[in-house]
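Asker: If you scroll down you'll find the structure; I have some questions about it.
The values are calculated or read from the model by the stated rules, or taken from the named source; none is laboratory data. This structure is a prediction, so every number in the text was calculated from the model and none was measured. A quick note on method: Cβ atoms are made from the backbone with ideal geometry, for glycine too, and the neighbour counts reach across all protein chains shown.
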Amino acid sequence: MSNRSLSWNSALRSLKADRQAVVPGLAGARALAGTFSRTRKLPLVVAGQYDRSAIMQCAILAAKSHQRQYGSDWGTALSVALKATWQLAKAARAKATH
């Protein structure tokens, strides 16, 4: 058996570095998607089911705004917007069931 030493500090530092960085603008995208959903009459949940068309429409509008504001590429902007919009839809569905 070899006598290797383990540096916990460097191990934990590398674990922390491996974590994915939080993409800026998630909270803003969530607010934009909520605004678009309300102002354009796009309910994210209809009869207890997710309305995927409305979710995608809100996400695209929020992604365009996110792209203008942060200058990110389309894939990143749409990813952030879809995550934010699905968070809103899940919250709306939970609220509707209770």
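Asker: Name the single residue, out of those in region 61-98 being among the charged types (D, E, K, R) and within 15 Å of Pro43 (Cβ to Cβ), that is surrounded by the fewest Cβ atoms within 10 Å (Cβ to Cβ).
Answerer: In this case the residue turns out to be Lys95.
Asker: Here's something else I'd like to know. State which residue is modelled with the lowest pLDDT when the search covers only region 1-26 and only residues that are surrounded by 11 or more Cβ atoms within 10 Å (Cβ to Cβ) and within 21 Å of Ala77 (Cβ to Cβ).
Answerer: Result: Val23.
Asker: Considering each residue of region 42-98, count those that are outside any helix (DSSP H, G or I) and in contact with a Cys (Cβ under 9 Å, 6 or more places away or on another chain), and give that number.
Answerer: Going through region 42-98, the residues outside any helix (DSSP H, G or I) turn out to be 42-51, 71-73, 98.
Those left that are additionally in contact with a Cys (Cβ under 9 Å, 6 or more places away or on another chain): 42, 44.
Summing the residues that are outside any helix (DSSP H, G or I) and in contact with a Cys (Cβ under 9 Å, 6 or more places away or on another chain) in region 42-98 gives 2.
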